């Protein structure tokens, strides 16, 4: 039951008690009120929460045929807006620009498609994760490849990222072929140039949604937390968003969100609702480890 959906239950209780209990507050009055000089108070004053989302990154966010925003980030954004008692508005932008939109005031929050790391958390204010992704494999439907150990002696497409587990560190005979985007890997897999591609499942779901004949398989090779970006230093606002995400978990809203947006690509099993904090998600990718990997690559 959402924050704005409790009034009917209160009214029913009063009726049963014969009116001997004071009338409940209006639904709007039950939403916390924040100081006008705070980030959340300013959003309430405007009556609108502006969220920056990637323009074409399903299942995170994308535009439907009629141009309406859709996706997991849209569900979460609307839940946060409901918790503030305001309307949700979504601005689609290139993936590399959504965080900058918060920094320069064009948006109140953002949903980047990049995970939380120690280096990123030092510069950017995140909520706790609303999704935990994992590096997995992209293969052609019907492929005999089910996990990374089936790739011995094979070529595999990879988009270099500081959070990625190199497959040749698991199976030394794997030949890694680098690509610029997950879409490039998808095309290489479709053409039979490589036996598989690898990236975060969030990126792989995006290419599977656009390319027929591909599927996601393999073990979860890492864990990556995806959180909501807020204005730098807005820790109290992040705490409020964390409470709303915890409430969504308690009310099993994630079951519906994940079934709708993740289920078409990864249904067995559906992901669990995240319980990691932003700080815990960041420690999965310590800054010194990432720096070491970048040095090796150079």
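The values are calculated or read from the model by the stated rules, or taken from the named source; none is laboratory data. All figures in this text were calculated on a predicted structure; none of them were measured in a lab. As a convention, Cβ positions derive from the backbone with ideal geometry for all residues, glycine included, and neighbour counts pool all protein chains shown.
Pairing each residue of the range 244-259 that is closer than 16 Å to residue 82 by Cα and assigned by TED's automatic domain parsing to the domain that holds residue 84 with any residue that is in a helix (DSSP H, G or I) and at pLDDT below 95, provided the two are 6+ apart or on different chains, yields C-beta distances under 9 Å for 244/3; 247/3.
Annotation note: of 75, 87, the sole residue that is assigned by TED's automatic domain parsing to the domain that holds residue 262 and surrounded by fewer than 18 Cβ atoms within 10 Å (Cβ to Cβ) is 87. Here residue 191 fulfils each of the conditions (1) outside the structural domain of residue 43 (by TED's automatic domain parsing); (2) in contact (Cβ under 8 Å) with a residue 40 or more places away in the chain; (3) farther than 22 Å from residue 164 by Cα apart from (2).
Filtering the range 74-90 to residues that are in contact with a helix residue (DSSP H, G or I) (Cβ under 9 Å, 6 or more places away or on another chain) and within 18 Å of residue 237 (Cβ to Cβ) leaves 76, 79, 80, 81, 82, 83, 84, 85, 86, 87, 88, 89.
For the range 227-239, the criterion of being in a helix (DSSP H, G or I), closer than 30 Å to residue 34 by Cβ and without any contact (Cβ under 8 Å) to a residue 12 or more places away in the chain is met by at least one residue. Select from the range 149-164 the residues that are at pLDDT 95 or above and either part of a loop (DSSP other than H, G, I, E, B) or touching a strand residue (DSSP E or B) at 6+ places or on another chain (Cβ under 9 Å) (or both) and list them in ascending order. Residues satisfying the conditions are 150, 151, 152, 153, 154, 155, 156, 157, 158.
Looking only at residues of the range 218-236 that are within 30 Å of residue 83 (Cα to Cα) and surrounded by fewer than 23 Cβ atoms within 10 Å (Cβ to Cβ), we find that the one that is nearest to the chain's Cα centre (by Cα) is 223. Considering (1) outside the structural domain of residue 41 (by TED's automatic domain parsing); (2) in contact with a helix residue (DSSP H, G or I) (Cβ under 8 Å, 6 or more places away or on another chain); (3) surrounded by 16 or more Cβ atoms within 10 Å (Cβ to Cβ); (4) more than 18 Å from residue 220 (Cβ to Cβ), the lone condition that residue 119 does not fulfil carries the number (1). Quick check on the range 91-102. Is at least one of its residues touching a helix residue (DSSP H, G or I) at 6+ places or on another chain (Cβ under 8 Å) and outside the structural domain of residue 209 (by TED's automatic domain parsing)? Yes, the range 91-102 contains at least one residue that is touching a helix residue (DSSP H, G or I) at 6+ places or on another chain (Cβ under 8 Å) and outside the structural domain of residue 209 (by TED's automatic domain parsing). If you check 215, 251 for being over 18 Å from residue 129 (Cβ atoms) and either out of contact with any helix residue (DSSP H, G or I) (no Cβ under 6 Å at 6 or more places or on another chain) or surrounded by 14 or more Cβ atoms within 10 Å (Cβ to Cβ) (or both), only one passes: 215.
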